[in-house]
Amino acid sequence: MKTLNRTEQHQPWNLESWKNKAIRQQATYPDQQHLNQTLDKLASLPPLVTSWEIKRLKKYLAEVSRGERFLVQGGDCAESFADCNSSIISNRLKVLIQMSLVLIHGCQIPVVRVGRFAGQYAKPRSADLETRDGVSLPSFRGDIVNQNEFTEAARIPNPDKMLEAYHHSAMTMNFIRALVAGGFADIRHPEYWNIDWVKHSKSAEKFSNLVAQIKESVNFAEVLVGTKVHNLSSVEFFSAHEALHLHFEQAMTRTVPRAEGYFNLGAHFPWIGLRTNQIDSAHVELMRGIENPVGVKIGTETDDDHLIDLCRTLNPDNEPGKVTLIHRFGAKNIEDNLPRLIATAKKADLDVIWCADPMHGNTEATSNGYKTRRFENISKEIELSFKVHKENGSHLGGVHLELTGENVTECLGGARSLQEADLSKAYTTQVDPRLNYEQALELAFSIKDFYHQ
Ligand code: PEP
Ligand code: CO
């Protein structure tokens, strides 16, 4: 087994050292001067998150690594500028609040909520070019790079899109902070977080009963103790996105007064995608220099040495809460792959959080050409994640989901038993199929059951 030694792990790092590594999945900008001017501008704009918040999240994640807290991470596969509006943002928060309440109540464990939002604008692609009817154009790489429309003008990477992404992230974060501070998540006012289109859903009914029960318990506790329970509205959200666009991530990586090291102030929790997690990767290089907790996707192709090198490179001091391994094997492959990686991490004494992404290993195409996922496979992969961790003396720390609060028809199955023919009704995702509100809430109730099995 050849793994990196300690001197290799502590190689010098600087903001630009990623440029000497293998750079994958980046756009080619035709105008370098325009790119550089934009990056200077970006680097001068205020941060989107603070170092204090980042440190607080890392503390919560250290609790997750000890099994004292559960991580719920969710949001769009790709955010779009067009979806940066009040109802889409608040519906997404409502789903995450409801799911976390189901878990807090059902598992009796605190939850840390991390959104795939306020910056999830860059997407990895399998090819640099897309060809239609003999015409080849640069692939769409997310709203931070270019536009989806299949025309030459739309597909040319434009640095101004990075500024737009920054502004949309700031607007999203601002709205979320204001909602949360204003009592949006107050348990005494569940009417704030009802989602209109699901009044008659079975899960929604189950959820209202649960809220009624919680309210009753709170009233009981207040009468018993003789004082009001405070902080019932204090729900925190942390932001996360795939740290894919390296120029953008570098511009958001900064030092702050009175704290050591560099912080990525564009999101609390950046993660490295599966396509850029190689040990020689520029993405791993940029991420190893920051103080933020970082996620890294792993899959069937991740071998034992790779896992050890990744963890030691990103977390040479083995700090608890620093590295979250987001595993995405697919329901069919998890039992063949997860046990060996758990054993490897144990043998190498790696302090990591294991988080299940049951979405990206379960994508399939339907006969009518839709990219979809089956609810039963998503649910199965989470069930197996709990089981395999338990059987191997480890524990599942959290889940990573693609979901929306909208009434979309992108994933098959769930309570309404969505069929292939239903997919065309409301298939609006820019990239991957997401769970709709009903499916997400149903999944939360299943997760609660798996937790106890
Ligand atoms: C994603 O999370 O949207 C994604 C592209 O995942 P992965 O890197 O695991 O393929
Ligand atoms: Co995705």
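Structural remarks
- Among residues of the range 262-295, those that are open to solvent by less than 10 Å² (accessible area, probe 1.4 Å), away from ligand 2 (no atom under 16 Å from the Cβ) and not hydrophobic (A, V, I, L, M, F, W, C), counted: 7
- Flag for Pro320 being outside any helix (DSSP H, G or I) and under 15 Å from Lys58 (Cβ atoms): yes
- Residue count for the range 301-332 under the criterion of being surrounded by 17 or more Cβ atoms within 10 Å (Cβ to Cβ), within 14 Å of ligand 1 (Cβ to nearest atom) and either polar (S, T, N, Q) or free of Cβ contacts under 8 Å to residues at least 40 places away in the same chain (or both): the result is 4.
- Every residue from the range 393-419 that is closer than 25 Å to Ala240 by Cβ, aliphatic (A, V, I, L, M) and away from ligand 2 (no atom under 16 Å from the Cβ): Leu396
- Scanning the range 207-254 for residues that are surrounded by fewer than 20 Cβ atoms within 10 Å (Cβ to Cβ), part of a loop (DSSP other than H, G, I, E, B) and at pLDDT below 85 yields Gly226, Thr227, Lys228, Val229, His230, Asn231, Leu232, Ser233, Ser234.
- Residue match in the range 159-180 (condition: within 22 Å of His105 (Cα to Cα) and either in contact (Cβ under 8 Å) with a residue 40 or more places away in the chain or acidic (Asp, Glu) (or both)): yes
- Scanning the range 101-108 for residues that are out of contact with any strand residue (DSSP E or B) (no Cβ under 8 Å at 6 or more places or on another chain), hydrophobic (A, V, I, L, M, F, W, C) and more than 16 Å from ligand 1 (Cβ to nearest atom) turns up at least one hit.
- Qualifying residue in the range 8-24 (condition: outside any loop (DSSP other than H, G, I, E, B), at pLDDT below 95, surrounded by fewer than 18 Cβ atoms within 10 Å (Cβ to Cβ) and not hydroxyl-bearing (Ser, Thr, Tyr)): yes
- Only residues that are aliphatic (A, V, I, L, M) and over 14 Å from Val114 (Cα atoms) were counted in the range 66-88, giving 3.
- The range 104-151 - residue that is buried (at least 16 other Cβ atoms within 10 Å of the Cβ), of a type in the set (A, V, I, L, M) and over 30 Å from Arg56 (Cα atoms) and, of those, farthest from ligand 2 (Cβ to nearest atom): Leu137
- Single condition Arg155 does not satisfy, out of (1) surrounded by fewer than 13 Cβ atoms within 10 Å (Cβ to Cβ); (2) without any contact (Cβ under 8 Å) to a residue 40 or more places away in the chain: (1)
- Hey, Arg188 basic (Lys, Arg) and modelled with pLDDT of 95 or more or not: no
Residue by residue, here is whether (1) open to solvent by 50 Å² or more (accessible area, probe 1.4 Å); (2) within 30 Å of His306 (Cα to Cα); (3) not in a loop (DSSP other than H, G, I, E, B) holds:
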| site | (1), (2), (3) |
| --- | --- |
| Pro339 | no, yes, yes |
| Ala345 | no, yes, yes |
| Gly369 | yes, no, no |
| Glu376 | yes, no, yes |
| His400 | no, yes, yes |
| Gln439 | no, no, yes |
| Glu442 | no, no, yes |
| Ser446 | no, no, yes |
| Phe450 | no, yes, yes |
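- Test result for Pro257, open to solvent by 20 Å² or more (accessible area, probe 1.4 Å), over 28 Å from Ala43 (Cα atoms) and not charged (D, E, K, R): no
- Filtered residue count, the range 349-371, keeping only those that are within 16 Å of ligand 2 (Cβ to nearest atom) and within 19 Å of Gly321 (Cβ to Cβ): 3
- Near pairs, Cβ below 7 angstrom, 6+ apart or cross-chain, from the range 370-396 (at pLDDT 95 or above) to any residue that is of a type in the set (D, E, K, R) and part of a helix (DSSP H, G or I): Leu384/Glu335; Val388/Glu335
- Taking the range 26-125 as the region of interest, the helices (runs of 4 or more DSSP H) fully inside it that hold 3 or more residues being within 20 Å of Val180 (Cβ to Cβ) and at pLDDT 95 or above are 51-65, 86-107.
- Selection status of Ser424, under 22 Å from Asn368 (Cα atoms), open to solvent by 10 Å² or more (accessible area, probe 1.4 Å) and either modelled with pLDDT of 95 or more or more than 16 Å from ligand 1 (Cβ to nearest atom) (or both): yes
The values are calculated or read from the model by the stated rules, or taken from the named source; none is laboratory data. It should be emphasised that the depicted structure is a prediction, and the values quoted were computed from it without experimental measurement. Backbone-built Cβ (ideal geometry, glycine too); neighbour counts: all protein chains shown. Heads up: the accessible areas ignore ligands, DNA and RNA and are worked out on the full protein's heavy atoms, side chains in. Shrake-Rupley method; radii C 1.70, N 1.55, O 1.52, S 1.80 Å.
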